[in-house]
Amino acid sequence: MPMTDVTIAGGGIVGLSLAMALRRGAGLSVQVIDPLPAGKDIGRASAVAAGAQRMLAELGVWDAIAPAAQPVSRMVVTDSRLSDPVRQAFITFDGAIAPDEPFAYIIENAVVTNALRDAAHAAGVVSAATAVKGFATRGAGVDLTLADGSRQRTALLVAADGARSALRSYAGIPWSGHDYDQSGIVATVAHERPHDGCAVQHFLPPGPFARLPLTGNRSSIVWTERRADAEALLALDADDVVDELERRFGLDLGRLTLETELRAFPLGVGMARRFVGDRFALVGDAAHLVHPLAGLGLNLGLRDVAVLAEAIVDHARLGLPPGDATVLERYQRARRFDTLTLGIATDGLNRLFSNDRLPFRLARDLGLGIVDRMPGLKNFFIREAAGVVGAVPRLMRGEPL
């Protein structure tokens, strides 16, 4: 039976980043298993924070991504009703954490995925267009049963297969969380005038509406609506969609046209009761799910990768296999508290801002106004969002493993 050091179920950004980190850091044999559904990244973009950008550069893929990466020059936060004639900017963040280093870039997911996939192939990562249908620990490894009928063996199995992780279910790891009865609507929009790198977060009663700058006169939208309203919006014809979009997007960038169709996905918050099992680990959305209002989801997953890869590579130099319990416990200790606190914070923000009750509006607007007048606090928040404070793993400092 073929044996691999690490098998990763999930060929998205998080799974491919882990594969690259392990190949470059320790030369381990790595396989990525994913049925690779066509078009899963169309219309979606992500904020790649400074720490994650440093990591992608260290993995050798940033040069391929950079031409399509839009630096965020500043971020404006507003709080209003949809009918309000003026949207007051309650807080504005400058986009730089250091000279010539923005706190984040907005990049279409497909660009990052394709760059990582090409680099992984060149680095010798094996890929298989199938799925893991079952697994069982035996001795010093894990026996895998794949959907194509083949059987394989690996020293460590990593689930990077998303919030509805089949592997997490197979492993019997409980999930704690709840559904928001909200949907996140995503699309790419073209507009007449340049955005100058400005990202805008409108807090509206149904949920936040984010306007994220892409290269050229284009923006990505992440539009939160109650689920029933989202389904009705997706059923509209293109002209009516643009009319609804302009009410939320604003008219400061001129006329809008849709570059991609609206796509919607359910929103919720959740966390696995544990991130590891017997020669098994969860990363990314398979381990934790947060609301997209802060743009943290992908960056949390990439931080998982940086911490897990560092633990595996460090212990490999001591002769320990990737699936050793010491390796996995180091990863879990480093990530559980961080993701729990951020999950609680984003859940609280969504509850605070996704309503139209006057006491809540007054409290949050007062809080935003106070923060806007405190440059030191604003600088702390922006550096925290950039992922460059605290116990930063080596890859996110731009250092090799």
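The values are calculated or read from the model by the stated rules, or taken from the named source; none is laboratory data. Remember, it's a predicted structure, so these values are computed and weren't measured experimentally. FYI the Cβ positions are ideal-geometry reconstructions off the backbone, even for glycines, and counts take in every protein chain you see.
Before moving on, here are some points about what is shown:
- Among the residues of segment 235-249, those identified as aliphatic (A, V, I, L, M) and either within 22 Å of Glu108 (Cβ to Cβ) or touching a residue at least 40 places away in the same chain (Cβ under 8 Å) (or both) are Ala238, Val241, Val242, Leu245.
- Sole exception among (1) in contact with a strand residue (DSSP E or B) (Cβ under 6 Å, 6 or more places away or on another chain); (2) without any contact (Cβ under 8 Å) to a residue 40 or more places away in the chain for Gly216, by number: (1)
- Spans of strands (runs of 3 or more DSSP E) in segment 128-222 with at least 2 residues more than 21 Å from Arg263 (Cβ to Cβ): 132-138, 141-146, 151-159, 175-191, 198-204
- Within this structure, Arg279 fails the test of being surrounded by fewer than 16 Cβ atoms within 10 Å (Cβ to Cβ) and among the charged types (D, E, K, R).
- Any hit, segment 341-349, residues being closer than 23 Å to Gly10 by Cβ, at pLDDT 95 or above, outside any loop (DSSP other than H, G, I, E, B) and among the hydrophobic types (A, V, I, L, M, F, W, C): no
- Out of Gly177, Gly184, Gly134, sole residue that is touching a residue at least 24 places away in the same chain (Cβ under 8 Å), surrounded by 15 or more Cβ atoms within 10 Å (Cβ to Cβ) and over 21 Å from Trp223 (Cβ atoms): Gly177
- Unmet requirement for Arg263, which otherwise passes all of (1) touching a strand residue (DSSP E or B) at 6+ places or on another chain (Cβ under 7 Å); (2) without any contact (Cβ under 8 Å) to a residue 60 or more places away in the chain; (3) surrounded by 15 or more Cβ atoms within 10 Å (Cβ to Cβ): (2)
- Of all the listed residues (Gly60, Gly51, Gly15), the sole one being outside any strand (DSSP E or B), under 17 Å from Val112 (Cβ atoms) and in contact with a strand residue (DSSP E or B) (Cβ under 6 Å, 6 or more places away or on another chain) is Gly15.
- Candidates Ala115, Ala140: the one that is farther than 20 Å from Ala52 by Cβ and out of contact with any Ser or Thr (no Cβ under 8 Å at 6 or more places or on another chain) is Ala140.
- Within the set Ser46, Ser73, the sole residue that is surrounded by 24 or more Cβ atoms within 10 Å (Cβ to Cβ) and closer than 30 Å to Asn217 by Cβ turns out to be Ser46.
- Boolean, Arg336 is farther than 26 Å from Ala47 by Cα and either modelled with pLDDT under 95 or outside any loop (DSSP other than H, G, I, E, B) (or both): no
- For Ala232: the one exception among (1) farther than 30 Å from Ala311 by Cα; (2) touching a residue at least 24 places away in the same chain (Cβ under 8 Å); (3) loosely packed, with under 13 Cβ neighbours inside 10 Å: (2)
- Every pair of residues 6+ apart whose Cβ atoms lie under 8 Å, when the first sits in segment 73-84 and is assigned to a strand (DSSP E or B) while the second is at pLDDT below 65 and polar (S, T, N, Q): Thr78/Gln88; Asp79/Gln88
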